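The values are calculated or read from the model by the stated rules, or taken from the named source; none is laboratory data. Source: prediction; values computed, not measured. A quick note on method: Cβ atoms are made from the backbone with ideal geometry, for glycine too, and the neighbour counts reach across all protein chains shown.
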Amino acid sequence: MAAKRRKTPSDLGNLILGAMPSEARVRLAARLKIVDVAGGSVICDAGALVREIYFPRTCVLSLLGLSRAGDAVETAFIGREGAFGLVAGMRGRETHARCQVKIGGTAYRLPAADFKREFDRSATVRAVVLDYLAALTALTQQTVVCNTFHSAKARLARSLLMMRDGTGADLLGITQELLAGVLGLSRTTVTEAARALQSAGAISYRRGVVQIVNSDRLADASCECYETVRSLVKEPAKA
């Protein structure tokens, strides 16, 4: 019987890893560990030293800015197109944001020192990382605009569409309480917005699960930020 070919990161769904040169993917594959992450759990809290990098496969991570009073709001998200801990991890620094799991699923986990070796070794790896970080910065800026100027319903629609894109699935395991937390809204406001989207035939929801039933209607309910973000968060060019 022929031996099974060992799958590389490009086979398994993280686009940052899939864009790495083939030699780097092979070396990294030997060090990657697939981990399950539960929705609502905290990967790394603000002020903590980042020692490992997380590359989402089927989960979505949320970067949260915190006030001194402990209030939190999402400033960016990370799906299968990116990674958490690239800069702070490789530089041995603390993170300024809380990284919380928005949609539970699986991710690759890698010691930051292992990734730094590939970053230092290859100009192509550096280009992939820098392109992604530029997109993440632009995403953060657009999220601030959206949080400031757009309605709760539009923000919820945008967030659901981005989660769909980040996981590749229309069925999203997320509670209204967690949605309220990452959007910086009250649970009552999120409930009202979700009801409006359900009445429009865009989604259906039950406890802990949101189903996107008509993505076109959901896009119509969203603000222009969704199209802006989608143009930023895309698959990197493969080496």
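List of remarks:
- Out of R98, R109, R80, sole residue that is basic (K, R), in contact with a helix residue (DSSP H, G or I) (Cβ under 8 Å, 6 or more places away or on another chain) and touching a residue at least 12 places away in the same chain (Cβ under 8 Å): R80
- Qualifying residue in the stretch 130-148 (condition: more than 17 Å from the chain's Cα centre (by Cα), surrounded by fewer than 14 Cβ atoms within 10 Å (Cβ to Cβ) and closer than 24 Å to G39 by Cβ): no
- Among residues that are more than 16 Å from C223 (Cβ to Cβ) and at pLDDT 90 or above, C146 is not included.
- Of the criteria (1) more than 18 Å from G82 (Cβ to Cβ); (2) buried (at least 20 other Cβ atoms within 10 Å of the Cβ), which one M163 fails: (1)
- The lone exception for V210 - which of (1) outside the structural domain of A88 (by TED's automatic domain parsing); (2) assigned to a helix (DSSP H, G or I) it fails: (2)
- Per-region count, the stretch 30-68, residues surrounded by fewer than 19 Cβ atoms within 10 Å (Cβ to Cβ), without any contact (Cβ under 8 Å) to a residue 60 or more places away in the chain and farther than 24 Å from G92 by Cβ: 2
- Near pairs, Cβ below 7 angstrom, 6+ apart or cross-chain, from the stretch 192-217 (on the phi > 0 side of the Ramachandran plot) to any residue that is surrounded by 15 or more Cβ atoms within 10 Å (Cβ to Cβ) and among the small types (G, A, S): G208/G173
- Inspection of the stretch 130-144 finds a residue satisfying the criterion of being among the charged types (D, E, K, R) and closer than 25 Å to A46 by Cα.
- Selection of first residues in the stretch 128-146 that are under 22 Å from V182 (Cα atoms) and of second residues that are assigned to a helix (DSSP H, G or I) and basic (K, R), restricted to Cβ pairs under 7 Å at least 6 apart or on distinct chains, gives the following pairs, ordered by first then second residue: C146/R155; C146/R158.
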